[in-house]
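Down below is the structure, laid out as structure tokens.
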Amino acid sequence: CGTSAATITRFCKSLDYAGYKEFQLDMAAAIAQREPLVLDDFTSDASPETIIQRVFESNRQSLSESLKVLDVAALINVARLVQKAEKIFFLGLGGSGMIGCSGAERFMSLGLTAIAVVDPYDQIFTMGNTGSSDVVFGVSHTGQSTHITEALRIARRRGARTVALTNYPQSPLAEVSEFRLITSFSEHRINVGVSSSRIAQMCVIDSLYFIVASWGGRTTQQLADEAEKMAQKMLRFRVTDISS
């Protein structure tokens, strides 16, 4: 892949491994322990209709459970901070990074400075420049991400307001954060990975977005019109890039 052995070794040691071999073994074990993206009680002859019904039911139950455990007071407090923030950061990796990007796009549409940081090393460096006027979201399904947890710890040390968006209230990420926005998903009931949790997390971000928008006097129609204008502008940029 064009990367030297020394660079790979340094990377592995930065993650507290003795070397590449230990990293490789740990990665193989983690992959082996991954749960399959199937429903627990499915058989090979399950009909498409049954699969569709159970996947939708799983997502519905995830949203219902998340609404029950969500700390509404904390969410409103976070919305107040977001409204006044100088910069809003969303930190995430993989699927959580996609949620962070969506969150940043939403708040940018309100005229706020929102940034998604999805590279683990950029997260550490960027948080070193945060301050008391910034709000930092750490998005992680399990809350076990070492890089995101350390990044939020750095941000909080520098006075930034930190928010954990996770499924696990006792996770390292939740413990280092000032605010915890917890979603819920009973993974033992139906095993479809973490997609249901992601949907619940996006609902939390959407709730924040609409609360902040309503405080700014925007109506739903105004938000739709602004989103349409932004989409048209992005389309023009893409057409220009292709033609050039």
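Since every read-out is calculated from the coordinates, none of them should be taken as a lab result. Owing to the predicted nature of the structure, the values given are computational and were not obtained by experimental measurement. Here Cβ is always computed from backbone atoms with ideal geometry, including for glycine, and neighbour counts include all displayed protein chains.
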Quiz item: Between PHE89 and residues 5 or more places away or on another chain, which pairs have amide H atoms under 5 Å apart, with H built 1.01 Å from N, and which residues are they?
Solution: ILE115, VAL135, VAL136, PHE137
Quiz prompt | GluC sites (Glu not before Pro) lying in DSSP loop within the range 38-133, provided at most 16 other Cβ fall within 10 Å | solution = GLU86
Quiz item: If you keep only loop residues by DSSP, which chymotrypsin sites (Phe, Trp or Tyr not before Pro) in the range 105-208 have at most 12 other Cβ atoms within 10 Å of their Cβ?
Solution: none
Quiz item: All other residues with a Cβ under 15 Å from the Cβ of ARG157 taken together, and with Lys, Arg as +1 and Asp, Glu as -1, what is their net charge?
Solution: 0
Practice problem: Multiply the residue gap between THR142 and LYS21 by 0.36 nm, knock off their C-alpha separation, and tell me the result in nm, one decimal place. | Solution: 41.0 nm
Quiz item: In debye, nearest 20: dipole of the range 97-210 around its Cα centre with unit charges on the Cβ of K, R (+) and D, E (-)?
Solution: 220
Quiz item: In terms of the Cα gyration tensor, with a ≥ b ≥ c the square roots of its eigenvalues, is the range 100-169 rounded because a/c is under 1.5, prolate because a/b exceeds b/c, or oblate?
Solution: oblate
Quiz item: Length gain on complete extension for the stretch ASP206 to ALA74, per 0.36 nm per residue less the alpha carbon to alpha carbon distance?
Solution: 46.0 nm
